[in-house]
Amino acid sequence: MGKKVALIGTAAMATAMRQINPDVVSAFPITPQTAIVQDFASYVHNGMVDTEFITVESEHSAMSACVGAASAGARVMTATSSAGLALMWEILSIASGLRLPVVMTNVNRALSAPINIHCDHSDSMGARDAGWIQFYSENSQEGYDNLIKSIRIAEDENVRLPAMVMIDGFITGHSTEILEILEDSQVKGFLKENKAPYSVLDIENPSTFGPLQLTDYYFETKKQEADAMVASMDTIKAVCKEYRELSGREQPLVDTYMIDDAEMAIMVLSSTAGTTRSVVRELRKDGIKAGLIKPRLFRPFPKEEIIESTKNLKALAVLDRSDSFSGQGGPLYSEVRSALYDLDTKPVITNYVYGLGGRDTTIDQIKKAFNDLSSVAKTGKAENLVNYLGVRE
Amino acid sequence: MADKTKQEKPGYKTIPMGGMIPRAGSSEDYKTGDWRVKKPVRDDEKCIDCLFCYIFCPERAVSVTEDGKIGKINLDYCKGCGICAEECPKDAIKMELE
Ligand code: SF4
Ligand code: SF4
C-alpha cells in the first residue's frame, strides 16, 4: 500500500517523475518550477532513474528536445512555469500536432509584465488552445496523482496527445503537505508500455515526422487532432477509474462539495477550492445553501459533468485566476457559460477574476462573492456579470 | 480556384496520425516541376561533362549516363531555380522561358 509523506508540492511532482522513470527529461529552470528539475537532476545523478537528462539553454529548446525524443518513441517529461511556458509556445502545438505524448508539470505563475513570480493561471490558460490535455490540481496529492494518470492517458493509443498538469505556484508548489504516495512498484505496474505507432529511429520502417501540409491536408490533420481530444475523454475516465482502484482516492473530473441541495455555488480551479470549501462549510452552519464545484480537468472540457454539477443551482460564480482582457470575463467563465447556454433552466452565471500575481484570496473575499451570489439567487439577476475580487480601487 | 474538399484525397478519418508520412521516398510523388517559370537548356557543344550541374542541382533533376557523362534533365522535378546555369563553368546552360 501507499505511504504518507510530507513534501512540498514540487517534491511531490519530482517524486512522481522518479517513480514514472521517463526515458528522457529535458528542462530549463524557472521559478517556481526549478525545484522539480533540481530534485529530478539529483535522481539522475544518483542513479535512481534510467532517464537521459538533456540540459538546454531555454524552454524553447527543452520542448524541442522533448518533441525529438517523443518522435523516437521515448517516454518524455518536462516541467516549467510562466515565461518558460510562454517560450515553449511555438513547440507546444508541434507536440500536439505531431501527436506526441509529452507530459509536463506547469507550476502556475503569472505572466510578465509586470514581472511577478507568484501564482495565477495566465500561463496555462494562455496555452489552453494548444492541443494539450490540462489537469488542474488543488494540492500536492492531486498534482502527484494527476501526473501519474497523465502518462497513461497521453500514451494511450486512442489519445496520443501531450498533457500538462498544473499546481499553484508557491501556494502548492512550495508548501509542505501530507500526501500518500504509491509504492514504486505500483506506479510501474500501473504504467503500460509506451507503444509509439511510429518512430523516427525505426530504420526498418522509415517515416517522416512533420512534413509540410498546405491547403491539401493541414485541415484534415487538425480535425483529426480535435477529434482525438474529444475522444480522449473515454480514456481519461477509464484511466481515472483504474487509478482510483489502485490508490483508493476518489477524484472525479468535476468535484463537488455540498452541491446536491445548494442554491448557489462557486466554481474554481486548483488551490482556491480549498479556501472555498471551508467557506461553504461555515455558511452551511448558518443554514445557507452554498456549494463548491471544482473541475480537475479543463482540456478536454468536461461539459457533461459541469452541466450535471450545476443543474440545481440558482446562481453560480465562476472564479478565474487569469483575465482574457476581453470584457467577457476569464476563460473558465466563458467556457462554462457556453456549456450551459443551450439548457432551458440554468443558473445566473457571474464571473470573478481573482488572485492575479499571487494576490491572497482570503476567506472574506470568498464570503463576499457568496454574499453577492445570494442576492443574485434571490432576484435572478446580476448587477455585474464580470467582477474583480480583491483588487484595490 | 478548385474546391479542395471535392478532390479525391483521403479524409481525416483515414490519414496517418499527426500528418506524418509512414513510408520512405515519398518526395518522389511530389513533382516540383510545376514551380518552374524558366527551364534549363544545355548546349552540348559547350558542355565538357564536368557534372557540376548534376552535383549542384537541389532537386537531383540532372542525371548521369552509365558511362559517366551528363544526361537528361528531368523536367518533372526541375523547379527552374537556375543554379545549374549559374554554376556551369562553360556557360553551357541557358534558362529559357517555356
Ligand atoms: S534549374 Fe535548378 S532544378 Fe532545374 S536542373 Fe537546374 S539546378 Fe536543377
Ligand atoms: S556544369 Fe556545364 S559543363 Fe558541367 S556538365 Fe553541366 S552543362 Fe556540362
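The values are calculated or read from the model by the stated rules, or taken from the named source; none is laboratory data. Small disclaimer: the values here were computed from a predicted structure and weren't measured. All Cβ positions, glycine included, derive from the backbone under ideal geometry; neighbour counts span all protein chains shown. Just the protein is used for accessible areas: all its heavy atoms, side chains included, with ligands, DNA and RNA removed. Shrake-Rupley method; radii C 1.70, N 1.55, O 1.52, S 1.80 Å.
Table for the structure above
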| read-out | value |
| --- | --- |
| Flag for B:GLU28 being within 16 Å of ligand 1 (Cβ to nearest atom), at pLDDT below 95 and not basic (Lys, Arg) | yes |
| First in region A:266-283 and over 16 Å from A:ALA317 (Cα atoms), second anywhere and open to solvent by less than 20 Å² (accessible area, probe 1.4 Å), Cβ under 6 Å, 6 or more apart | A:SER271/A:ASP168; A:SER271/A:THR172 |
| Residue that is of a type in the set (A, V, I, L, M, F, W, C), away from every other protein chain (no Cβ under 14 Å) and in a loop (DSSP other than H, G, I, E, B), where the choices are B:ILE48, B:ILE55 | B:ILE48 |
| Flag for B:LEU75 being open to solvent by 60 Å² or more (accessible area, probe 1.4 Å) and in contact with a strand residue (DSSP E or B) (Cβ under 6 Å, 6 or more places away or on another chain) | no |
| Enumeration of residues in region A:188-227 that are more than 9 Å from chain B (Cβ to nearest Cβ) and in contact with a Leu (Cβ under 9 Å, 6 or more places away or on another chain) | A:GLY189, A:PHE190, A:ALA196 |
| Unique match (being on the phi > 0 side of the Ramachandran plot and within 11 Å of chain A (Cβ to nearest Cβ)) among B:GLY82, B:GLY11, B:GLY18 | B:GLY18 |
| Flag for B:LYS38 being open to solvent by 50 Å² or more (accessible area, probe 1.4 Å) and within 16 Å of ligand 1 (Cβ to nearest atom) | yes |
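Residues are listed down the side, and each one gets a yes or a no for (1) of a type in the set (Lys, Arg); (2) modelled with pLDDT under 95; (3) within 10 Å of ligand 2 (Cβ to nearest atom):
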{"residue": "B:LYS6", "(1), (2), (3)": "yes, yes, no"}
{"residue": "B:LYS9", "(1), (2), (3)": "yes, yes, no"}
{"residue": "B:ILE15", "(1), (2), (3)": "no, no, no"}
{"residue": "B:ILE55", "(1), (2), (3)": "no, no, yes"}
{"residue": "B:VAL62", "(1), (2), (3)": "no, no, yes"}
{"residue": "B:CYS84", "(1), (2), (3)": "no, no, yes"}
